[in-house]
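Everything on this sheet refers to the single structure shown next.
The values are calculated or read from the model by the stated rules, or taken from the named source; none is laboratory data. Remember, predicted model here, so these are calculated numbers, not experimental data. Cβ placement follows ideal geometry from the backbone for every residue including glycine, while neighbour counts extend to all protein chains displayed. Each accessible area value is taken on the protein alone, full model and side chains, heavy atoms only, with ligands, DNA and RNA left out. Shrake-Rupley method; radii C 1.70, N 1.55, O 1.52, S 1.80 Å.
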Amino acid sequence: MELEDLHDVIDFVCNGSSMPSVKGVYLIGHSMGGGISIIQTAEDKRVKKLVTFASISAFGNLWPKEAEEQW
């Protein structure tokens, strides 16, 4: 869900109506946001630069599997 939200924000910024002549997006992420930013950067050519602070290295250990299934 966070990846979809970030993708929507990047779409909005790059469509020209909010910020004309955007040539690329820079992302900054901390902790879980850093992990989300890393994945988005790997998948989205519009992201030109990335800065992370204390980024997570895996998503599987953040919550129990039961909670993930419930979500």
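State which residue is farthest from His30 (Cα to Cα) when the search covers only segment 55-71 and only residues that are open to solvent by less than 80 Å² (accessible area, probe 1.4 Å) and in a loop (DSSP other than H, G, I, E, B).
Within segment 55-71, the subset open to solvent by less than 80 Å² (accessible area, probe 1.4 Å) is 55-56, 58-60, 62-64, 67.
Pick out the ones that are also in a loop (DSSP other than H, G, I, E, B) and you get 55-56, 58-60, 62-64.
Numbers: Ser55: 6, Ile56: 8, Ala58: 14, Phe59: 14, Gly60: 17, Leu62: 14, Trp63: 18, Pro64: 21 Å.
Filtering segment 55-71 for residues that are open to solvent by less than 80 Å² (accessible area, probe 1.4 Å) and in a loop (DSSP other than H, G, I, E, B), the one farthest from His30 (Cα to Cα) comes out as Pro64.
Would you check if Val22 is out of contact with any Phe, Trp or Tyr (no Cβ under 8 Å at 6 or more places or on another chain), modelled with pLDDT under 90, part of a helix (DSSP H, G or I) and open to solvent by less than 60 Å² (accessible area, probe 1.4 Å)?
Values: out of contact with any Phe, Trp or Tyr (no Cβ under 8 Å at 6 or more places or on another chain): yes; modelled with pLDDT under 90: yes; part of a helix (DSSP H, G or I): no; open to solvent by less than 60 Å² (accessible area, probe 1.4 Å): yes.
When the stated conditions are applied, Val22 does not pass them.
How many residues, within segment 25-51, are touching a helix residue (DSSP H, G or I) at 6+ places or on another chain (Cβ under 7 Å), charged (D, E, K, R) and open to solvent by 50 Å² or more (accessible area, probe 1.4 Å)?
Selection size over segment 25-51: 1.
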